[in-house]
Amino acid sequence: MIAIIDYDAGNLKSVEKALISLGEHPVISRDAETILNADKVILPGVGSFGDAMGKLHQYGLVDVIHQVVEKGTPFLGICLGLQLLFERSEESRGVEGLGVLPGEILRIPDAPGLKIPHMGWNSLEITPGAKLFQGIENGAYVYFVHSYYLKAADESMVAASTEYSTRIHASVERGNVFACQFHPEKSSDVGLHILKNFIELT
């Protein structure tokens, strides 16, 4: 069973719909026992870093997420869900992230002719051997919506990157923890392939 963590951060239904289209029966929940007993766990999300961390604390989900990671359960963060896995964000100064992975979230620098938030399709530079991207061609396009981006402290965890005003770490994987800044559930066949790769992780 795949648990989708519900902490009032939106985007749950589109992730659920994508998983159902792949033959899964995901459960949207904020119940600790349900999440801890899941075979896979997904943390989606859109919105602000500070508000989201506040909700995770309010619902007692911070410890639950750490327990899931420590158990070795495959865990996928999507969009804001990726950002929350790291230590801090320029969007909400003074707010601690989950700190599951080392790195920080920075505002996308202004650049001539580029709009922020970054909304649209960008191609990925995929790291050879990245598990989420098995069977996906380098340069594949995926869909982004964000104003802040990940700068991982350890380049060895970067599974894919893209360019938009700066080099953006678009996906990471370390051990059982995976995350995408882009929205696989809105990235057509490529996105579904990424989700399928996550589903099939053992």
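As a check on your grasp of the helix formula, calculate [θ] at 222 nm for the chain: sum -39500 (n - 2.57) over DSSP H runs of n ≥ 4, divide by the residue count, round to the nearest 500.
Value at 222 nm, helices only, nearest 500: -7500 deg cm²/dmol.
Remind me, relative contact order of segment 95-202 in percent, using alpha carbon pairs under 8 angstrom and six or more residues apart?
28 percent
Ordered by packing density, taken as the mean number of other Cβ atoms within 10 Å over each peptide's residues, highest first, how do 85-95, 191-201 rank?
The densest-packed peptide leads the list: 191-201, 85-95.
Could you give P(r) for segment 1-45, binned at 5 Å from zero, as whole percent values over all Cα-Cα pairs?
In whole percents, the pair-distance histogram is 5, 27, 35, 23, 9, 0.
Given an 8 Å cut-off on Cα distances and at least 6 residues of separation, report the relative contact order of the chain as a percent.
Computed over the chain, the figure is 19 percent.
Computed over the Cα atoms of segment 102-170, what is the convex hull's projected area averaged over all directions, in nm²?
Averaged projected hull area, Cα only: 4.6 nm².
With a probe of 1.4 Å, find how much accessible area the chain has per residue, and write the answer as a whole number in Å².
Normalised by residue count, the accessible surface of the chain is 44 Å².
Within segment 36-55, which residues have the backbone N less than 17 Å from the label spot 7 Å out from residue 166 along Cα→beta-carbon, could you tell me?
Once the point is set 7 Å along Cα→Cβ of residue 166, 49 turn out to lie under 17 Å by backbone N, inside segment 36-55.
Mind computing the radius of gyration and Dmax over the alpha-carbon atoms of segment 85-125? Å is fine for both.
13.1, 35
Carbon and sulfur atoms: what percent of the 1.4 Å accessible area of the chain do they account for?
48 percent
Cβ neighbours within 10 Å, averaged per peptide: list 103-114, 118-129 in order, most packed at the top.
Descending packing order for the listed peptides: 118-129, 103-114.
Tell me, how many Å apart are the Cα centres for segment 1-19 and for segment 100-137?
Cα centres, segment 1-19 to segment 100-137: 21 Å.
Given charges of +1 on the Cβ of Lys and Arg and -1 on the Cβ of Asp and Glu, with all other atoms neutral, how large is the dipole of the chain about its Cα centre, in debye to the nearest 20?
240 debye
The values are calculated or read from the model by the stated rules, or taken from the named source; none is laboratory data. Remember, predicted model here, so these are calculated numbers, not experimental data. Every residue, glycine as well, gets a Cβ built from its backbone with ideal geometry; the counts of neighbours run over all protein chains shown. Protein only, heavy atoms only, side chains kept; ligands, DNA and RNA dropped before computing areas. Shrake-Rupley method; radii C 1.70, N 1.55, O 1.52, S 1.80 Å.
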